Amino acid sequence: MPELVIVSVLREPLFLPYFDHLVPAGFPSPASDHQPEELDLNGLLLPHPDATYLIRCFGDSMTGGEDGIRSGSLLAVDCTLTPRPNDVVIASIDGSDYTLKRLIQRPDQSWWLVPDNPSYPAFPIDSPDMFTVWGVVTHIVNETRPGKLGQHVRPR
């Protein structure tokens, strides 16, 4: 069962250097002089600050998908967005625990919460009035040096 942990965030602009230059993941290209611009990381991840939160996920039901969600991923979740087919959402079925799944509409028009990991079962949304979406995942942050995220989280 995946576990979700809400992370509090500072909601002021956070400008970081941004280089509008693509970095090849294959062979390196010759270096070129590029002046950095500034990117507001909070503006990107939290476009609706009063209705957006960051949350960490634990478990492997969403691993293996093209979005790169894995245990420990930090997710930006926007509560103002209306969920669309194929969105990754934080949802609750029958008022029970929350889950992180992909919202899928099948050809027969039925709706399902589907994990990206095929080892886990999909959940049909049989009763829409017993189903709640708590937000749509808009961004995923993964650590390349695991364990550093906790150093940057402060209790409220």
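Just so you know, all these numbers are worked out from the coordinates, no wet-lab data involved. What you are looking at is a predicted structure, and each value in this text was computed from that prediction instead of being measured. Cβ: placed from backbone, ideal geometry, glycine included. Neighbour counts: every protein chain shown.
Over the stretch 31-113, what is the relative contact order in whole percent, taking alpha-carbon pairs under 8 Å and six or more residues apart?
20 percent
For the stretch 58-72, what does the Karplus curve 6.51 cos²θ - 1.76 cosθ + 1.60, with θ = phi - 60°, yield as ³J(HN,Hα) per residue in whole Hz, taken in order and with x for Gly and Pro?
10, x, 10, 6, 10, 6, x, x, 6, 7, x, 6, 9, 4, x
Just add up the charged neighbours of VAL133: K/R +1, D/E -1, any other residue whose Cβ is under 15 Å from the Cβ of VAL133.
-2
Starting from the Cα-Cα distance between THR132 and SER92, subtract it from 0.36 nm times their residue separation and give me the gain in nm to one decimal.
13.9 nm
Near the amide H of PHE131, under 5 Å away, which other amide H atoms are found, from residues 5 or more places off or on another chain, if H is placed in the peptide plane?
Excluding prolines and chain starts, which carry no amide H, the hits are ASP94.
Tell me, what HN-Hα J-couplings in whole Hz come from the Karplus equation 6.51 cos²θ - 1.76 cosθ + 1.60 at θ = phi - 60° for each residue of the stretch 104-118, using x for Gly and Pro?
For the stretch 104-118, the Karplus curve yields 10, 10, 7, x, 7, 6, 7, 10, 9, 9, 10, x, 6, 8, x Hz.
Residues with amide H under 5 Å of HIS139's amide H, sequence separation 5 or more or different chain, H placed in the peptide plane at 1.01 Å from N; which?
ALA76
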